[in-house]
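Enquirer: The structure under discussion is supplied below as structure tokens; questions concerning it will follow.
The values are calculated or read from the model by the stated rules, or taken from the named source; none is laboratory data. Just so you know, these numbers come straight off a predicted model, no measurement behind them. Glycine gets a Cβ as well: all are built from the backbone with ideal geometry, and neighbour counts include every protein chain shown.
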Amino acid sequence: MDTMITISCPRALEYMGDMNAEFLRNKVLDMTWLCVKFQQLEDESSDGRMHLLIPQMIEQCIIPFIYRFDVEEAKVHFASTSSRLMLTGLLGRETWNSITKSTGHV
């Protein structure tokens, strides 16, 4: 079954990032779950668009931690050794390094 994603809300990724940040912060979900779900989205994407969106979705999860909570809490979720390994495995080292550079903190 083909999965079609249409985003008609200009800030949809930002809203999803805000929700996922809250869920991570409150331990409703964890980085393992998030990475597994992002990988499933990529695997089910027949046209490759999810490969382009997933890094943006992850970056939009990091930003609320930095600006609404604090940098140290962002590091707990995104800069731990296990999180870095999962995210690098999902995105590739170059993309993960680009995200960490663009957020400037994690």
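Enquirer: Restricting attention to region 75-102, report how many residues are more than 15 Å from CYS35 (Cβ to Cβ) and within 12 Å of the chain's Cα centre (by Cα).
Expert: 1
Enquirer: For MET1, state whether it is outside any helix (DSSP H, G or I), aliphatic (A, V, I, L, M) and either at pLDDT 90 or above or in contact with a helix residue (DSSP H, G or I) (Cβ under 9 Å, 6 or more places away or on another chain) (or both).
Expert: yes
Enquirer: If you don't mind, there's one more thing I want to ask. Please count how many residues of region 11-40 are more than 19 Å from TYR67 (Cβ to Cβ) and over 12 Å from the mean Cα position of the chain (by Cα).
Expert: Qualifying residue count for the region: 4.
Enquirer: Which of the residues spanning region 72-89 are closer than 20 Å to PHE23 by Cα and among the hydrophobic types (A, V, I, L, M, F, W, C)?
Expert: ALA74, VAL76, PHE78, ALA79, MET86, LEU87
Enquirer: Quick check, is PHE65 more than 17 Å from MET86 (Cα to Cα) and touching a Lys or Arg at 6+ places or on another chain (Cβ under 8 Å)?
Expert: yes
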